Amino acid sequence: MEKTLQEIAEIIGGEVKGDGSIKIFGLGSIDTATEGILTFADELHAEAAKNSNASAVIMPANFSGELPKNTILVQDSRAAFAKLLEIFTPKIKIPVGISEKAHIGQNVKISENVSIMPFAVVDDNAEIKSGAVIYPNSYIGQYAVIGENSVIYSNVTVREHCKVGKNCVIHASAVIGSDGFGFTTANGVHTKVPQIGNVIVEDDVEIGANVGIDRAAMGSTIIGRGTKIDNLVHIGHNCKIGKNCLIVAQTGISGSTTVGDNVTFGGQVGTVGHIKIGGNSIYAARSGISHDMPENFFGAGFPLQPHNDWLKFQAALKKVPDLIKKVAKLERELLNEKK
């Protein structure tokens, strides 16, 4: 694809500073960009962008320094670049229709414009709605529903009675509706408690590779609309995850936890079960959440504390080795005085 810098600026609602007639053939990072390539930068990377081999740079409109070479000024350089990635990246073409090598069970409802690829299994009484794409080796269980325009990548399992909304993306090897971790113990023997609920994934959710979301013991585990889940996340049975949450890799949310809207969990955050976590909050990587939390909280560490307090604690912790040396020195001096 080839476009002038001015044409690109019009697509993303930006303003050209420099030569708007130059030709752009593709997009790239600051480090790898060459002539004919457009990259993006923020204030922290402006100098690197200026010294790069890129023909032009997308920069935030509020940038106050010297602009690098040919520039497009926009309100959000990262969002604008993401929009261009969709335009410049060739679309993957998936043929519409059901492969002869796919297995379709009895009483399955399949709408128009559905793509079901080889070796996918759609079990009895499942429903695949218009525009959905099912990649090879995926399993859609009995009475499961896949919503409009959702994409189910290879080796995904959507277990029986689970529901996936529209415009969802579920990446490879995720499991939606695995049994919740429920057992009773008597005389040293663990006996499984039947997990008869399901998982409901609402619209516009993206679920990363190798994610496990457990079905409810009874009722539903719910993933709220617009929530994005990174790879290698586990969400326990009967959890209620709010809308527009961000859950980063290796986070574990224990069963029956309720999470409000717009909550961000950094990598490796862990929670106990049966708690409520208020909305509009952020938990830094490796935080441990062991009790109910309010809304609008920014936390870190274990035991969990406000993020600013955690930063002060970490700064103080670095001084401990020197403090130990000073105390040891004082002890020696006092001992010598006594002698």
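Could you derive backbone 3J(HN,Hα) for region 279-292 from the dihedral phi with the Karplus parameters 6.51, -1.76 and 1.60 (θ = phi - 60°), listing whole Hz in sequence and x where the residue is Gly or Pro?
Whole-Hz 3J(HN,Hα) from phi for region 279-292: x, 6, 10, 10, 10, 5, 3, 6, 5, x, 9, 10, 7, 4.
What aspartates and glutamates could a cross-link reach from Lys17, if we take a straight Cα to Cα line under 15 Å and drop same-chain neighbours fewer than 8 places away?
Glu7, Glu66
What list of ³J(HN,Hα) couplings, whole Hz, do you get for region 233-244 from phi and the Karplus terms 6.51, -1.76, 1.60, once you set θ to phi - 60° and write x for glycine and proline?
Karplus-based 3J(HN,Hα) across region 233-244 equals 9, 10, 10, x, 5, 6, 6, 10, 9, x, 7, 6 Hz.
For a quick check: with amide H placed at 1.01 Å from N, whose amide H comes under 5 Å from Ile275's, ignoring anything fewer than 5 positions away on the same chain?
Thr257, Thr258
Under DSSP H, which helices of the chain have Cα atoms covering 24 Å or more of the helix axis and a Kyte-Doolittle average no less than -1.0?
320-338
In Å, what Kirkwood hydrodynamic radius results for region 59-166 from the alpha-carbon pair distances?
16.0 Å
For the chain, with the dipole built from +1 on Lys and Arg beta-carbon atoms and -1 on Asp and Glu ones, taken about the Cα centre, which of Val205, Ala328, Pro118 lies farthest toward the positive end?
Ala328
Choose one answer from Arg225, Arg159, Arg78: the residue with the largest mean-square fluctuation in a GNM of the chain with alpha-carbon springs under 10 Å.
The residue with the greatest mean-square fluctuation here is Arg78.
Ignoring any ligand, DNA or RNA, what whole percent of the accessible area of the chain comes from carbon and sulfur when the probe is 1.4 angstrom?
53 percent
Quick one: which residues, 5+ away or cross-chain, put their amide H under 5 Å from the amide H of Ile110? H built at 1.01 Å from N.
Amide H to amide H, under 5 Å and 5 or more residues apart or across chains, Ile110 pairs with Ile128.
Given a cut-off of 17 Å, what percent of all Cα-Cα pairs of region 191-321 lie beyond it?
57 percent
If the chain between Ser130 and Ser29 were fully stretched, how many nm would it gain, using 0.36 nm times the residue separation less the Cα-Cα distance?
32.7 nm
Given bins 20 angstrom wide, list per bin the percent of all Cα-Cα distances in the chain, short to long.
In order of increasing distance, the bins hold 25, 42, 27, 6, 1 percent.
Averaging sequence separations of C-alpha pairs under 8 Å and six or more residues apart, then dividing by the length of the chain, give the relative contact order as a whole percent.
6 percent
So, in nm, how far is label Leu323 from label Met1 when the simple model puts each one 7 Å beyond its Cα toward the Cβ?
5.7 nm
Between Met218, Met117, Met59, find the one with the highest GNM mean-square fluctuation for the chain; connect C-alpha pairs within less than 10 Å.
Maximum fluctuation in the GNM of the chain, among the listed residues, is at Met59.
Apply the Karplus parameterisation 6.51 cos²θ - 1.76 cosθ + 1.60, with θ equal to phi minus 60°, to every residue of region 125-137 and state each ³J(HN,Hα) to the nearest whole Hz, in sequence, with x for glycine and proline.
Karplus values, whole Hz, x for Gly and Pro: 6, 6, 9, 10, 8, 3, x, 5, 10, 10, 7, x, 6.
Picking from Gln268, Ala217, Leu232, whose Cα lies most toward the positive end of the charge dipole for region 182-274 (charges on Cβ: Lys, Arg +1; Asp, Glu -1)?
The one lying farthest along the dipole's positive direction is Ala217.
Pull up all non-local amide H partners of Phe298: gap of 5 or more, or a different chain, and H-to-H distance under 5 Å with H placed in the peptide plane.
Ile282, His307
What's the ranking of 183-193, 95-105 by average number of surrounding C-beta atoms within 10 Å, highest first?
The packing order, highest mean first, is 95-105, 183-193.
Can you tell me which of 144-150, 326-332 comes out highest on packing, and rank the rest after it, using the mean Cβ neighbours within 10 Å?
144-150, 326-332
The values are calculated or read from the model by the stated rules, or taken from the named source; none is laboratory data. No experiment lies behind these values; they were computed from the predicted model shown. Heads up, the Cβs are rebuilt from the backbone with ideal geometry, glycines too, and the neighbour counts pull from every protein chain shown. Ligands, DNA and RNA are excluded from the accessible area calculation, which covers all protein heavy atoms including side chains. Shrake-Rupley method; radii C 1.70, N 1.55, O 1.52, S 1.80 Å.
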